[in-house]
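The structure under discussion appears below in the form of structure tokens.
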Number of protein chains: 4
Amino acid sequence: MNKGRVEAFTDAVVAIILTIMVLEFKTPEEPTFSALAADWSYLIAYLISFLFIGVAWYNHHYMFSLTKRVTKGIYWANNLWILVMAMLPVSTAWAGRFIDRSQPELFYFLIFTLWQLAYALLSYVIVAANRTDQPKVATKIRHMSVYRMNTRWWFWVIWMAVMGTIHFWPPICLVFTLIELIVMAIYTPNDSDQLF
Amino acid sequence: MNKGRVEAFTDAVVAIILTIMVLEFKTPEEPTFSALAADWSYLIAYLISFLFIGVAWYNHHYMFSLTKRVTKGIYWANNLWILVMAMLPVSTAWAGRFIDRSQPELFYFLIFTLWQLAYALLSYVIVAANRTDQPKVATKIRHMSVYRMNTRWWFWVIWMAVMGTIHFWPPICLVFTLIELIVMAIYTPNDSDQLF
Amino acid sequence: MNKGRVEAFTDAVVAIILTIMVLEFKTPEEPTFSALAADWSYLIAYLISFLFIGVAWYNHHYMFSLTKRVTKGIYWANNLWILVMAMLPVSTAWAGRFIDRSQPELFYFLIFTLWQLAYALLSYVIVAANRTDQPKVATKIRHMSVYRMNTRWWFWVIWMAVMGTIHFWPPICLVFTLIELIVMAIYTPNDSDQLF
Amino acid sequence: MNKGRVEAFTDAVVAIILTIMVLEFKTPEEPTFSALAADWSYLIAYLISFLFIGVAWYNHHYMFSLTKRVTKGIYWANNLWILVMAMLPVSTAWAGRFIDRSQPELFYFLIFTLWQLAYALLSYVIVAANRTDQPKVATKIRHMSVYRMNTRWWFWVIWMAVMGTIHFWPPICLVFTLIELIVMAIYTPNDSDQLF
């Protein structure tokens with residue numbers, strides 16, 4: 001398939017998802033900062049989801065820069081990844097409004113985990129499509145921190161610990177997500193910064 | 001015309017249509033999963049329409065990859081196709097909210113059929129524009145499953161049977177649409193997976 | 001300036017304007033066709049505005065295909081054109097809801113006229129930027145029907161007649177707009193259909 | 001990184017921000033111009049923010065045309081710039097609705113200042129990334145009026161004077177913003193008008 005067109009379509013959807021989240025900031029009915037400040041908890045969730053999209057796009061960009069082919073399998077794995085991303089505005093709005101309630105936080109946490117799995121599937125399909133022609137590409141993608149995290153037992157131990165803690169202290173969901181995103185933003189492949 | 005710009009414009013519209021459908025998921029007013037679960041019937045319609053857009057884009061991408069020219073006729077047939085696609089958010093929202101009522105399902109079914117006819121017109125115009133210069137292109141487009149389905153008598157017999165059944169069991173509309181989309185997603189031309 | 005990026009930005013805005021107009025179709029609260037049919041007058045205004053965008057984009061595409069340079073003047077004339085286009089969702093929604101009232105129709109008519117003037121300014125600036133280097137480009141743009149219409153005295157006589165008639169029969173606005181758009185869609189330069 | 005894809009993603013977000021601001025114009029409930037005119041104060045704020053985006057995009061386009069590399073640092077500085085821009089619809093809606101109240105105007109003013117600082121950071125990071133390979137690029141960016149304004153003491157004296165005046169006459173915020181934008185629109189580098 002035409003890689004540029006798949007990338008452009010993905011970018012358009014991601015850009016719209018990002019900007020839909022802005023619509024959730026309601027213009028205050030009163031001309032006072034206290035009316036504006038009522039949105040503070042949504043602002044926190046929004047900032048984390050903004051970082052989420054920044055990290056997701058960076059990794060997506062890296063993987064698609066590497067792959068030479070876009071097969072039908074990659075196309076549908078990419079669509080699945082988009083489908084999960086598209087749940088971000090709803091989960092952010094809900095988790096932001098009820099920042100200290102367990103069920104909205106749990107929902108946000110599950111969407112984040114689903115995104116991670118959809119990303120793992122997408123990278124797996126890209127690795128498979130390039131294994132024979134471009135073995136280096138496959139190796140590079142397998143070294144990405146998003147990819148490696150999914151295959152570490154201790155990651156899933158922490159994950160389960162967070163799941164359990166949400167019931168007692170719901171904001172742990174956003175704290176953990178933020179930390180994981182910062183880790184993923186920092187530990188990127190060295191060559192992701194190069195010219196493509 | 002400039003093919004890249006027509007493709008980019010089409011992609012932007014399709015990406016926005018996709019994401020408008022997300023806006024229909026209202027953030028639950030209560031912090032409980034049961035409040036979230038109230039949207040279950042819309043979720044079903046949304047997933048089917050998401051698949052719809054994935055299949056539509058895939059076929060659009062294939063046809064536009066093949067054609068060398070974008071004539072004024074192709075431009076307006078493409079606009080008609082966009083016009084019908086743009087009805088998807090409304091028809092999905094209505095059919096999702098009233099999943100067991102015949103008139104909303106019938107409306108969804110008619111929009112889907114109109115889309116299929118607009119697609120047939122678009123592919124016909126592309127075939128005509130390439131018939132003399134690129135006879136191979138014309139042959140390839142005529143072999144696409146979306147194109148062939150429209151010319152089979154048994155397809156329209158099933159179509160009429162579904163139309164009749166909607167009055168007794170409205171969800172048949174979504175079930176049939178889903179099956180047809182899966183068939184179209186699986187039976188794609190072999191070379192649609194190649195590099196362009 | 002980078003022509004491709006200005007085109008892409010313009011296309012994104014136009015695509016979003018087009019799709020914002022779809023948001024005005026409210027999902028019917030009742031599962032009956034009669035509830036759906038309540039939107040009929042907006043549907044008419046929407047279809048005309050859809051055609052409007054199709055014609056506007058076609059002419060914009062042609063002019064930008066011809067020009068070799070995008071100067072600062074072209075950039076700001078293009079922004080003015082976008083500014084007027086961005087009023088289309090509001091004017092369409094208002095003229096569609098009150099299809100038989102003079103003031104909403106007059107507003108739609110004025111936005112359409114402003115668009116025509118913004119388009120004339122944009123084409124004038126493009127002609128000026130290419131006059132010395134590309135005299136052929138200037139000649140071609142001056143032959144476009146959108147451009148020529150503005151310089152015909154009989155066009156403005158009809159225009160004033162429509163303005164006067166709106167007070168007695170408001171829908172004349174949409175009828176006249178539709179006819180003018182069809183004329184502009186048909187009488188396009190011969191070479192607008194070529195490869196670029 | 002792939003410069004074209006970062007540019008395209010940025011453009012999509014900016015285009016959506018621009019068009020979200022249009023959604024704030026509510027279709028009047030009455031078919032009279034007086035109902036339409038109720039939006040007059042938002043229209044003023046909208047026009048200024050439209051000019052804002054035009055100026056921002058022009059400068060962004062110039063800087064990205066010059067840079068040969070897009071590093072991870074540029075990517076995240078660009079995201080920060082997008083984050084601040086994304087606050088524009090809310091701040092415009094609020095400052096437009098309460099045009100004579102100090103707190104909404106102050107908020108708009110702060111967002112504008114934050115944008116200027118985010119822009120300064122972005123240009124600083126671009127200068128740093130090009131200092132060794134492309135010293136000319138660094139020099140050119142340092143000569144942009146947006147960049148230079150931030151390093152002038154008299155600019156910040158005026159800025160503080162405006163901050164103080166907002167409490168007595170809130171519209172000073174929009175007047176000052178408008179003047180600064182016009183200055184930035186006029187004083188652009190000579191070569192920003194060239195072919196890229």
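Is it true that B:Thr32 is open to solvent by 40 Å² or more (accessible area, probe 1.4 Å) and over 19 Å from the mean Cα position of the chain (by Cα)? Here the answer is yes, as B:Thr32 does meet what is asked.
Would segment A:85-101 turn up any residue that is open to solvent by less than 30 Å² (accessible area, probe 1.4 Å) and within 27 Å of A:Asp191 (Cβ to Cβ)? Yes, that holds for at least one residue. Quick check: anything in segment B:9-16 at pLDDT below 95, in a loop (DSSP other than H, G, I, E, B) and within 14 Å of chain C (Cβ to nearest Cβ)? The answer is no, given that none of the residues of segment B:9-16 is at pLDDT below 95, in a loop (DSSP other than H, G, I, E, B) and within 14 Å of chain C (Cβ to nearest Cβ). Could you go through segment B:69-76 and let me know if any residue there is at the interface with another protein chain (Cβ under 9 Å from one of its Cβ atoms), open to solvent by 10 Å² or more (accessible area, probe 1.4 Å), assigned to a helix (DSSP H, G or I) and touching a residue at least 40 places away in the same chain (Cβ under 8 Å). Yes, some residue in segment B:69-76 is at the interface with another protein chain (Cβ under 9 Å from one of its Cβ atoms), open to solvent by 10 Å² or more (accessible area, probe 1.4 Å), assigned to a helix (DSSP H, G or I) and touching a residue at least 40 places away in the same chain (Cβ under 8 Å).
When each of D:Ile111, D:Ile141 is tested for being hydrophobic (A, V, I, L, M, F, W, C), modelled with pLDDT of 90 or more and open to solvent by less than 40 Å² (accessible area, probe 1.4 Å), the lone residue that passes is D:Ile111. Check A:Phe52 against each of (1) more than 10 Å from chain B (Cβ to nearest Cβ); (2) within 30 Å of D:Gly4 (Cβ to Cβ); (3) surrounded by fewer than 20 Cβ atoms within 10 Å (Cβ to Cβ) and name the one condition it does not meet. Only one criterion in (1) more than 10 Å from chain B (Cβ to nearest Cβ); (2) within 30 Å of D:Gly4 (Cβ to Cβ); (3) surrounded by fewer than 20 Cβ atoms within 10 Å (Cβ to Cβ) is unmet by A:Phe52, namely (3). For segment A:113-125, check the following and say yes or no: at least one residue is over 22 Å from A:Leu88 (Cα atoms) and within 14 Å of another protein chain (Cβ to nearest Cβ). The answer is yes, given that some residue of segment A:113-125 is over 22 Å from A:Leu88 (Cα atoms) and within 14 Å of another protein chain (Cβ to nearest Cβ). Residues that are touching a residue at least 12 places away in the same chain (Cβ under 8 Å) and within 7 Å of another protein chain (Cβ to nearest Cβ) within segment C:77-97 comprise C:Leu83, C:Ala86, C:Pro89, C:Ala93, C:Trp94, C:Arg97, listed in sequence order.
Taken over segment A:150-177, residues that are touching a residue at least 40 places away in the same chain (Cβ under 8 Å), in contact with a Ser or Thr (Cβ under 9 Å, 6 or more places away or on another chain) and not in a helix (DSSP H, G or I) amount to 2. If you go through segment B:82-135 and keep only what is assigned to a helix (DSSP H, G or I) and small (Gly, Ala, Ser), you end up with B:Ser91, B:Ala93, B:Ala95, B:Gly96, B:Ser102, B:Ala118, B:Ala120, B:Ser123, B:Ala128, B:Ala129.
Scanning segment D:161-196 for residues that are of a type in the set (A, V, I, L, M, F, W, C), surrounded by fewer than 17 Cβ atoms within 10 Å (Cβ to Cβ), at pLDDT 90 or above and over 19 Å from the mean Cα position of the chain (by Cα) turns up D:Ala161, D:Phe168, D:Trp169.
The values are calculated or read from the model by the stated rules, or taken from the named source; none is laboratory data. No experiment lies behind these values; they were computed from the predicted model shown. Cβ atoms come from the backbone with ideal geometry, glycine included; neighbour counts cover every protein chain shown. Accessible surface areas use protein heavy atoms only, side chains included; no ligands, DNA or RNA. Shrake-Rupley method; radii C 1.70, N 1.55, O 1.52, S 1.80 Å.
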